[in-house]
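Here the structure is laid out as structure tokens; the discussion comes afterwards.
Each value in this text was obtained by applying a stated rule to the coordinates, not by laboratory testing. It should be emphasised that the depicted structure is a prediction, and the values quoted were computed from it without experimental measurement. Glycine gets a Cβ as well: all are built from the backbone with ideal geometry, and neighbour counts include every protein chain shown.
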Amino acid sequence: MRVKCALSGVNNGLSHSRNIALGGPMTTLDHGTYFTSLPREYYVSPEHFATELDEVWARQWVYVGHISQIPKRGDYFTFELANESILLIRDEGDTVNAVHNVCRHRALRLCDQPTGSVRKRLVCPYHSWSYALDGELKTATRQTDGENFNYSDFGLYKIHVDVWKGFIFICLADEAPKPVASMIDEKSSADMDLIGPTRLKVAHEIVYDAQANWKLLLENGVECYHCPSVHPEFCVVLNAEEMSDYYDRDMVPEVVQGLVIPVKAELDSLSMDGSFVSKKLLGEFDNGVEIPREFGAGFMTQPGYAWGGFHPDYGMVATTIPISATRTKMLCQWFVHEDAVEGVDYDVDELIKLWDVTNIQDLAIQERQQQGLSSSKYTPGPNSFDQEPGIRASLRLYLDMLGELDESER
């Protein structure tokens, strides 16, 4: 498997985790000769969950969608994160704006539909205050600008947006993190270019609901230790050993990074039987470019978890959405070439089948985990250095964002 990031001097936590096996200080994750996941309260406490929303989810880049969902100026979709409703609106050219979906007058949600289109302005249906597509207040009905207040002081609250290769990320913090493009290594970026990422469309979407803490989805997603026992269908086509090697070798301490979900060398794609599920291939492959052996491309965000895996014919992106300490939603989008025709180039049932089966299996496991975490007798057990190092790497970043990473863990 290709090494995803050749950053000399970067500590992904693995070399340190090897060292603690020889004896080291006791910390939240490290226990002298072994490491664990987090203590029970991190998965069940509403107070802890509220802190996470502010210190983790509001500070990192969160994947919300793709530009194909808003192809024309004035098109919008909404994204719900905790108690925030966010409007993503296409403006001139490739510009995407993000604003809080709440009128500055008396707090009405401006748009109550998940998708739609406005002409030139967003108009509140309550008292007809209107806003430009970038959130600037244009009209406060029967109130003149500058008479009692300045319009410039009451625009919609803006949210940081970063569009990377057509994929839209937002950040709710006052100050945005560094750009997504600067976090992802050159090889991963070049592989994404091969699939023509700005020329994709969403062929299908599913929102799953799990009675489980969002970090259980993260921890499950950054290890393949469970794959043989939980995902018999997935393991027919997945190169599980290479997947484990990715988490062992290639994870880096970045909020966003490249990801490959590897198929077995003799197969074409990540599908039930390893064959293509769309006749219309993606990007350069549709133009006749030879497909590299074991090709895969994608990205991952952490600790707030999303992942996208792309193959020559299709891709799937999933993003976790925290609802409460014990409930999470997962939005999954399946992508095909923008010119692919349903019923001609692909069948939706076949397109989604493998990931749908796998997602359902995973979320069932996480719900059973959450039930176990409710026990007063739960204490975290030793994780595997070889099979679960990704958990430690992700949780170290999580603790660092909370300001809880012990100096000995750095």
Each residue of the stretch 51-57 in turn: what ³J(HN,Hα) in whole Hz from Karplus with 6.51, -1.76, 1.60 and θ = phi - 60°, glycine and Pro shown as x? 5, 4, 4, 7, 8, 10, 5
Give me the dipole magnitude in Debye, nearest 20, for the chain about the Cα centre, with unit charges on the beta carbon: positive for Lys and Arg, negative for Asp and Glu. 1040
Using a Gaussian network model of the chain with C-alpha springs under 10 Å, which one of 318, 173, 306 is most mobile by mean-square fluctuation? 173
Listed residues 39, 79, 180: farthest to the positive end of the dipole of the chain (Cβ charges): 79
About the Cα centre, and with charges only on the beta carbon of Lys, Arg (+1) and Asp, Glu (-1), how big is the dipole of the stretch 197-311? Nearest 20 debye, please. 400
Taking amide H positions as placed in the peptide plane 1.01 Å from N, state which residues far from residue 405 in sequence (5 or more) or on other chains have amide H under 5 Å from it. 400
Which of the peptides 323-329, 105-111, 194-200 is most tightly packed, and how do the rest follow, going by the mean number of other Cβ atoms within 10 Å of each residue? 194-200, 323-329, 105-111
Interchain or sequence-distant (5+) residues whose placed amide H lies within less than 5 Å of the amide H of residue 116 are 76
Using a 7 Å offset from the Cα along the Cα-to-Cβ direction at both residue 121 and residue 385, what is the distance between the two label points in nm, to one decimal? 6.5
With contacts defined as alpha carbon pairs under 8 Å and 6 or more residues apart, what's the relative contact order of the chain in percent? 22
Calculate one ³J(HN,Hα) per residue across the stretch 78-84 by plugging θ = phi - 60° into the Karplus curve 6.51 cos²θ - 1.76 cosθ + 1.60, and present them in order as whole Hz with x for glycine and proline. 10, 9, 9, 10, 6, 9, 9
Ignoring everything except DSSP H segments at least 4 long, calculate the 222 nm mean residue ellipticity for the chain; use -39,500 (n - 2.57) per segment, divide by total residues, nearest 500. -7000 deg cm²/dmol
Could you state the angle between the C-alpha long axis of helix 348-373 and the longest principal axis of the C-alpha atoms of the chain, as a value from 0 to 90 degrees rounded to the nearest 10? 70
Which listed residue (352, 288, 305) has the Cα farthest towards the positive end of the charge dipole for the stretch 288-367, taking +1 on Lys and Arg C-beta and -1 on Asp and Glu C-beta about the Cα centre? 305
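So if we plug the beta-carbon distance of residue 245 and residue 33 into 1/(1 + (r/R0)^6) with R0 = 30 Å, what FRET efficiency do we get, rounded to 0.05?
On the way: r = 24 Å, r/R0 = 0.79.
It comes out at approximately 0.80.
Please list, by residue number, every one of the GluC sites (Glu not before Pro) in the stretch 242-343 that is coil in DSSP and has at most 13 other beta-carbon atoms within 10 Å.
Working: sites: 242, 254, 266, 284, 290, 294, 338, 342; in loops: 254, 266, 290, 294, 338.
Within the stretch 242-343, the qualifying GluC sites (Glu not before Pro) (loop, at most 13 other Cβ atoms within 10 Å) are 266, 290.
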Using θ = phi - 60° and the Karplus form 6.51 cos²θ - 1.76 cosθ + 1.60, what ³J(HN,Hα) does each residue of the stretch 335-344 get, whole Hz, x for Gly and Pro? 10, 10, 4, 4, 9, 5, 10, 4, x, 10
Once the Cα gyration tensor of the chain is diagonalised, semi-axes √(5λ) in Å: 36, 28, 19
